[in-house]
Structure formats: structure tokens, C-alpha cells
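Written below as C-alpha cells is the structure these notes are about.
The values are calculated or read from the model by the stated rules, or taken from the named source; none is laboratory data. Since the structure is predicted, the reported quantities are computational estimates derived from the model, not experimental observations. Heads up, the Cβs are rebuilt from the backbone with ideal geometry, glycines too, and the neighbour counts pull from every protein chain shown.
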Amino acid sequence: MTMILDSVGSRPASVPARPWLAGLDRAALSAALTETGVPERQIRMRSEQLWRWIYARGSDDFSDMTDIARDLRDQLAARYDVGRPEIVSEQVSTDGTRKWLFRMPARDGAPAADVETVYIPEHDRGTLCVSSQVGCTLTCTFCHTGTQKWVRNLTSGEIVTQILAARQRIGDFPGMTRPDDGPLPDAERMVTNVVLMGMGEPLYNFDAVRDAMLIAADPGGLAFSRRRITLSTSGVVPEIARWGRETGTMLAISLHAVRDELRDVLVPINKRWPLKDLLDACRHYPSLSNARRITFEYVMLKGINDSPAEARELVRLLKGIPAKINLIPFNPWPGTEYECSDWETIETFADIVNRAGYASPVRTPRGRDIMAACGQLKSASERVPAWKLREEAGEPAH
């Protein structure tokens, strides 16, 4: 099932939007209130009110904030925005996976841009895969996103509003109605985990991603456990330890090869920071323990990296690192030259890793039919008309 939504509330590209309050921490919210003319004695109270409305209740309209005086709400509405990015399209997979194409309006000197965000529901939890950049600089040859040129970094507000918009769309804030067009978790919260595994290399946008995840982890707002936030990096070695110190979240490494000469091709950043440097950084990741293991992601490419010898070398390389190994069947995309390993080959690889004492689940592909699976995300940075999206989805024109 695929749904294409008409664009709603779009602004001309030449008219910059008001600054978003979403993405601001408490200090920045206090500064915004000061600029609005709120007396100093009220700043702390008003910033806490805004914080709760934006992050805990998911409000996207100042008029909802009924414990704030009407004149202050009007002043804030004239200066700032608490809305959401425009939903250009929403697709729902046969397995319940949802993919949104969000349009970020021109704001704070940044041009308008489109990004994709994916929600993966399971019976007891829901995982939101968030983008950190428009496009990607890394050109990993097996990844569809890597074929899209890097356009720009996302701001902390653009990262946080992906979470807010997704939670709003699936009714995950108090009092909101949940959709009935696809399966959702049988749980109190629909989004329990956030993974920075969407478009872009998050450690190349360190400050904005850090600020967004600290907001996501704040117990007074979005309230995600830091053990349920995972950053995936292709190996920006100098930033790995800093990320651990400043955020305390879980870490995933996009590995995919056990030899430098192959990883140089699959993950070209390896030419700058080869396997030895990357694994040394992993061994020294702050708070690393058996309870806080690093996840190593390994996409299974037929005849490329899937031999028993490579499985044994993977075990050798990771010796001494508390780790989990996610084996990812390759998800095809138009124009790729790679194929997914045969299931028997994947099982043999997994058995070798398991017998060495590592958990090595084979990740079940989700959302393949809507190009929402791992490695399939890609969006055009130019504006795509709603009629064209409907036409591409095979829906009748209106």
C-alpha cells in the first residue's frame, strides 16, 4: 500500500520561514523569550512551559498552549514557528514500514531541502530512522543514498522535527488519534527507539546531531533513553570518542568488509581512516561494556564479502570488543551492480560468527517495496510536484 499526500502549507521558496523553536534547548528557548520581551523573572517558568508543549505534548500550534497568556502566544507566533516540515509524500509498506518525504523550508539562511525518514513498527516497539544530512558525502558504492550528492547539513531543528512529525503522524503524543492504515506496536509508545541511520553521515554534522539527540534524551520532553538512541557512522574516527563523551548514546559501525582493500571500495572513507584506526577507536568508546555493546553492521554482498574466511576474519578483528554483529541482506536499488548473498551463504556466515560467541542476527528486510530498507534512501533536493508523485505511484490524477 502506498499513499501520496498533497503538499500542505508550503511557502514560496523565496520567502524564508520563521525560526523554529523545535530544536532549541532550554537556554536557547530562554534567549528566544528574552528577545520577545518576556520579563526576566518569568523566563524560567515560560521556557519550561514551552518545553513541555513542544517536546512532551507535541503541540504544533501556539493557540494550544493555554497556560501561556494569549498576548505572549501572539507575540511568539509572530516571531517563531512550532509547526512541522511539510509532508510531501507518505508511503506505507505491506509490512507496516512507513517512509515520509519531508520538505524542510528555507530557514535561517539554509535553502529548502527534502529528506526521507522511516518508521519501522514491531509488536512491542517502534524504531524511527532519522536523517542528518541532505544527500551524503561518502559515496559508499552499495548504498543508494551515496549516489545522491551532498547538499547540506540539517539543523538541530530539522532533525528534531523529523521525530516530532513522525510521532504526530502516528498518534504518539497524548490525546492524538492513531492511524488505522497499517500495523502499529502494541505498546504505550509508538516510537521507542531512534537510530541515526538515515540520509547522511551524522558525525560530519556533529554539533547539530548532538544537540538534537540531547533534546531527544531529555526526560522532561521526548524522553528517549540514551540506550535507545543509536548513532551509525561509516568511521569518522576522530569524532567517535567525542560522541560517546558528549552524548552517551549507543554506537553502530557501518563495517561491511574485513580487508582494507575491499573496504576502500565499499566504504571509501576507509582510505582516510583504515580498519585498524577504526577498531582502535571502538575499543576506547566511552562506557563500552557487555551491557553497552557496539553494533557492527555488515551488508551481505554476493561473492564480494560473504565467504567463510571473511566471517572468521571478522571474528578475529572484533576480538576484545563487546559487540553485536548485524548481518544485513543487501537491499537492491535501481542501477546497482551488487546482489544479495544467497540465504544459505548468509546462514553459514552467521553460524561462524555465532559459534565465536557473538550475537549475529540477520536483519529482516523491512520496507523494500517502498524503497525504505537499509541503504535504499534517496531524495531529490529539488521540489517534486504532488501530481508527479501520484503519477509515479500509479494513482489517478485529480
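Please verify whether Thr117 is assigned by TED's automatic domain parsing to the domain that holds Pro185, polar (S, T, N, Q) and closer than 21 Å to Ile159 by Cα, treating the condition exactly as stated. So Thr117 passes the test. Report whether or not Glu90 is touching a helix residue (DSSP H, G or I) at 6+ places or on another chain (Cβ under 8 Å), loosely packed, with under 14 Cβ neighbours inside 10 Å and not aromatic (Phe, Trp, Tyr). No, not satisfied. When you check Leu101 against the structure, is it under 16 Å from Val191 (Cβ atoms), touching a strand residue (DSSP E or B) at 6+ places or on another chain (Cβ under 7 Å) and of a type outside the set (D, E, K, R), yes or no? When the stated conditions are applied, Leu101 does not pass them.
Restricting Leu72, Leu164, Leu76 to those that are crowded, with 23+ Cβ neighbours inside 10 Å and either in contact with a Gly (Cβ under 9 Å, 6 or more places away or on another chain) or among the aliphatic types (A, V, I, L, M) (or both) reduces the list to Leu164.
Residue by residue, here is whether (1) under 28 Å from the mean Cα position of the chain (by Cα); (2) at pLDDT below 95; (3) assigned by TED's automatic domain parsing to the domain that holds Leu214; (4) surrounded by fewer than 16 Cβ atoms within 10 Å (Cβ to Cβ) holds:
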site	(1), (2), (3), (4)
Ser10	yes, yes, no, yes
Leu24	yes, no, no, no
Ala32	yes, no, no, no
Ala106	yes, yes, yes, no
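Residue pairs whose Cβ atoms lie under 6 Å apart, sitting 6 or more positions apart in sequence or on different chains, and linking a residue in segment 318-339 that is more than 30 Å from Pro286 (Cβ to Cβ) to a partner that is in a loop (DSSP other than H, G, I, E, B) and of a type in the set (D, E, K, R), are Glu339/Lys302. Scanning segment 34-59 for residues that are over 19 Å from Ala208 (Cα atoms), of a type in the set (A, V, I, L, M, F, W, C) and touching a residue at least 40 places away in the same chain (Cβ under 8 Å) turns up just one, Ala56. Among all positions in segment 73-85, there is no residue which is touching a helix residue (DSSP H, G or I) at 6+ places or on another chain (Cβ under 8 Å), within 27 Å of His144 (Cα to Cα) and among the hydroxyl-bearing types (Ser, Thr, Tyr). If the condition is being part of a loop (DSSP other than H, G, I, E, B) and among the β-branched types (Val, Ile, Thr), then segment 39-96 contributes Thr66, Ile68, Val82, Thr94. Selection of segment 291-320 for residues being farther than 29 Å from Gly244 by Cβ and within 26 Å of the chain's Cα centre (by Cα) yields only Leu301. Looking for something over 26 Å from Leu29 (Cα atoms) and in contact with a helix residue (DSSP H, G or I) (Cβ under 7 Å, 6 or more places away or on another chain) - is there at least one such residue anywhere in segment 221-228? Within segment 221-228, none of the residues are over 26 Å from Leu29 (Cα atoms) and in contact with a helix residue (DSSP H, G or I) (Cβ under 7 Å, 6 or more places away or on another chain). Put simply, of Ala241, Ala217, Ala208 the only residue that is surrounded by fewer than 23 Cβ atoms within 10 Å (Cβ to Cβ) and over 17 Å from the mean Cα position of the chain (by Cα) is Ala241.
Name every residue in segment 196-225 that is farther than 21 Å from Val118 by Cβ and without any contact (Cβ under 8 Å) to a residue 60 or more places away in the chain, in order of residue number.
Those that are farther than 21 Å from Val118 by Cβ and without any contact (Cβ under 8 Å) to a residue 60 or more places away in the chain: Phe206, Asp207, Arg210, Pro219.
In segment 223-235, what residues are crowded, with 21+ Cβ neighbours inside 10 Å and either not in a strand (DSSP E or B) or not assigned by TED's automatic domain parsing to the domain that holds Leu278 (or both)? Hits for segment 223-235 are Phe224, Ser234, Gly235.
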